[in-house]
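Values quoted throughout were computed directly from the atomic coordinates according to the rules given, and no laboratory measurement underlies them. Keep in mind the model is a prediction, meaning the values are calculated, not measured. Every residue, glycine as well, gets a Cβ built from its backbone with ideal geometry; the counts of neighbours run over all protein chains shown.
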Ligand SMILES: [Zn+2]
């Protein structure tokens, strides 16, 4: 039996930093067996659930409907009786009880930060954090960053928007807690990318944080300005907000462009500390750091937890959250999980293929499920093609048509017709579909400094792209 301190939520020593040669930030937890970890998670879960029951009107109501009281929680099966929480539900609750909804468990005076989801579609949701939540986020992020190799000697360029988007702030808080130098450059202002190139050239950061599509866009800009991105000297690039860092061809492309390693992190903004999904230096897929956020992977239709080795939807529960704890938040993402031990020795399960889609991001074309990430993997494996691409789905008569628009790389020497042919053949073999391919000159498709929009579904009236992947 693992002993927990009496105090909940836990308070961490803010001055503690391991020696630079140490492998683990928190060796007690990170070297547990999988059984010990399960035991620890269950104990933390009981405390979080008790707290939520005592403080959250939102959850008390939800749980009353299934006749649940915290004393009923003896094992994970009991926990699985609890209903899921959806983003839509949070949105509606916040409209009814503005601005935070009925799940605010602290007083307004205790709110330390207010953030919101990136809200690519629908009304954004608001969430508050207490000072303690913020400190625990910093602690958790520092722990995960340590695992993927950041050390206090690093200089970390943060190339994402500083706004209500908690991704940037979460990276910043983690960097500060770890004791590395934070270089919070931001993104999203006109002309900022050119400036970023010049600043990076001057300052020579050793690490980069942002979205994968932005890292590629920045590299393109650097090359236009005559700078090889390898000359920045970045050794670690870590990402969230998009699945790209878990897509093998995108990862290879980022690594060969920058000469540093590519690390995938991120769950959802609401689940901050969102780095509770995060790879270690071995990059065998994101670990789910179960003692920070308890993650289940459930079947999208039966809603039952799936065994390791199977595919499903991650469902998240906070274990150390005070202000607006989430219990069984339905992510709508798709992943596959495994508990095969990683070479790092940590007991956490992993998502070896990352988060590769969303239940609602997938487009069905002539009965075939098509994930933008599968197309991305093919596009980025073909020499001469650029990094941007779009899927355009339309209907001609009764037939669905899928077109993939790509660009030639501005510096490519390959023949566009040969690249198009090779793309068409590979897509056909990977997707099992005939795809119309359009190869465009470099720079034609709209660029993003934030999350890439990949799907245009003309079969829908609005023709808008579906909601992007996880908020953070
Ligand atoms: Zn590992």
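Normalised by the number of residues in the chain, what is the relative contact order in percent for Cα pairs under 8 Å and 6+ residues apart?
For the chain, the relative contact order is 14 percent.
Hey, can you rank 40-53, 159-172 by average C-beta count inside 10 Å, highest first?
Listed from highest to lowest mean packing, they are 159-172, 40-53.
Let me make sure I get this right: for the range 79-190, a, b and c are the square roots of the gyration tensor eigenvalues over alpha carbons, sorted descending. Under 1.5 in a/c it's rounded, otherwise prolate if a/b > b/c, else oblate. Which is it?
prolate
Which whole-angstrom value gives the distance between the alpha carbon centres of the range 302-365 and the range 186-210?
32 Å
Run the numbers for residue 96 and residue 446: contour at 0.36 nm per residue of separation, minus the present Cα-Cα distance, in nm.
122.3 nm
Looking at the chain, what % of its DSSP beta bridges pair antiparallel, to the nearest 5?
Just about 60 percent of them are antiparallel.
Output the antiparallel fraction of DSSP beta bridges having both residues in the range 363-457, as a percent to the nearest 5.
60 percent
Counting only C-alpha contacts under 8 Å and six or more residues apart, can you give the relative contact order of the range 283-324 as a whole percent?
The value is 40 percent.
Could you tell me how many degrees, from 0 to 90 and to the nearest 10, lie between the Cα long axis of helix 416-431 and the main elongation axis, the longest principal axis, of the Cα atoms of the chain?
Roughly 40 degrees, rounded to the nearest 10.
What FRET efficiency comes out for residue 225 versus residue 308 if R0 is 45 angstrom and r is the Cβ-Cβ distance? Round to the nearest 0.05.
For residue 225 and residue 308, the calculated efficiency is 0.45.
Any idea what angle helix 131-147 forms with the longest principal axis of the chain, computed on alpha-carbon atoms, 0 to 90 degrees, nearest 10?
Roughly 50 degrees, rounded to the nearest 10.
Normalise the Debye intensity by I(0) for the chain, one equal point scatterer per Cα, no solvent, then take log10 at q = 0.09 Å⁻¹ and round to two decimals.
-0.60
What FRET efficiency, computed as 1/(1 + (r/R0)^6) with R0 = 22 Å and r the Cβ-Cβ distance, is obtained for residue 412 and residue 199, rounded to the nearest 0.05?
Once the sixth-power term is evaluated, E becomes 0.20.
Ranking request for peptides 129-138, 203-212: highest mean number of other beta-carbon atoms within 10 Å first, then the rest in descending order.
Ranking, from highest mean packing down: 203-212, 129-138.
When ranked by the protection proxy of mean other Cβ atoms within 10 Å per residue, highest first, what sequence do the peptides 409-420, 257-268, 366-377 form?
Those peptides, ordered most packed to least, come out 257-268, 366-377, 409-420.
I'd like the orientation of helix 212-224 relative to the chain: the angle between its Cα long axis and the longest Cα principal axis, in ° from 0 to 90, rounded to 10.
40 degrees
Calculate, in nm to one decimal, what residue 110 and residue 429 gain on full extension: separation in residues at 0.36 nm each, minus their alpha carbon distance.
That pair, residue 110 and residue 429, stretches by 109.3 nm at full extension.
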